[in-house]
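Asks: Handing you this structure, nothing more for now.
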Amino acid sequence: MTNPQIDYAAMAAQWRAERETTLKATRAELLAQLRALGISEVTAEYEGYGDSGNVEDMTVQPAEVQLPEPLATEVGDFAWSLAYHHHPGFENNEGGYGTLTWDLRNDSITLDHADRYVECSHSYDEGL
C-alpha cells in the first residue's frame, strides 16, 4: 500500500532537478580540466545489463594526449551518470548500451543510446 501523504511525482522531479544541477557542475569542472590538457573530444562507450554496467572504453582527441587516471575515472563517471540521467534503469535486465561523444570545443554532447528488450510471440490453440 502506498502512503497517500507522499507525493512520489514531486519527489522524482526533485531528484531529477538535483541530478541536473550536479551534472551541470561536474560538466563545467571537467570541461575546464580537459580543455587545459588540449583535448578537443571525448568518446565514451558504455554498456549495462543484468543490473550493472560501466564505461567500457574511452578515447580522447588528439589521441596522443593521455588522461591522468583520476581524471579518466571522473570523466567515465560523468559519462555513465549522464547516460543514466537520460535513460534511467537501462542497466536492468537485458540492458542497454551507447556512445557519448563530447565535443569540447563547442561543449556539445551527443548521446547515441540503445535499449535491449525481449520480444515474445505467444499463441494458444485449444480444441483444434
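Asks: Restricting the search to segment 84-108, which residues are in contact (Cβ under 8 Å) with a residue 24 or more places away in the chain, out of contact with any helix residue (DSSP H, G or I) (no Cβ under 7 Å at 6 or more places or on another chain) and either open to solvent by 20 Å² or more (accessible area, probe 1.4 Å) or of a type in the set (Lys, Arg) (or both)?
Replies: Residues satisfying the conditions are His86, His87, Glu91, Asn92, Asn93, Glu94, Tyr97, Thr99, Thr101, Asp103, Arg105.
Asks: Ok, one more. Any chance you could count how many residues in segment 38-96 are part of a loop (DSSP other than H, G, I, E, B) and aromatic (Phe, Trp, Tyr)?
Replies: 1
Asks: Just for segment 61-83: of the residues that are surrounded by fewer than 18 Cβ atoms within 10 Å (Cβ to Cβ), of a type in the set (A, V, I, L, M, F, W, C) and more than 18 Å from Arg105 (Cα to Cα), which one is farthest from the chain's Cα centre (by Cα)?
Replies: Result: Leu71.
Asks: With respect to Arg19, determine if the residue is in contact with a His (Cβ under 7 Å, 6 or more places away or on another chain) and of a type in the set (Lys, Arg).
Replies: Criteria met by Arg19.
The values are calculated or read from the model by the stated rules, or taken from the named source; none is laboratory data. Only a predicted model underlies this, so the values are computations on that prediction, with no experimental measurement involved. Counting neighbours? That spans all protein chains shown, and the Cβs are built from the backbone with ideal geometry, glycine included. What goes into the accessible areas is simple: the full protein's heavy atoms, side chains included, and nothing from ligands, DNA or RNA. Shrake-Rupley method; radii C 1.70, N 1.55, O 1.52, S 1.80 Å.
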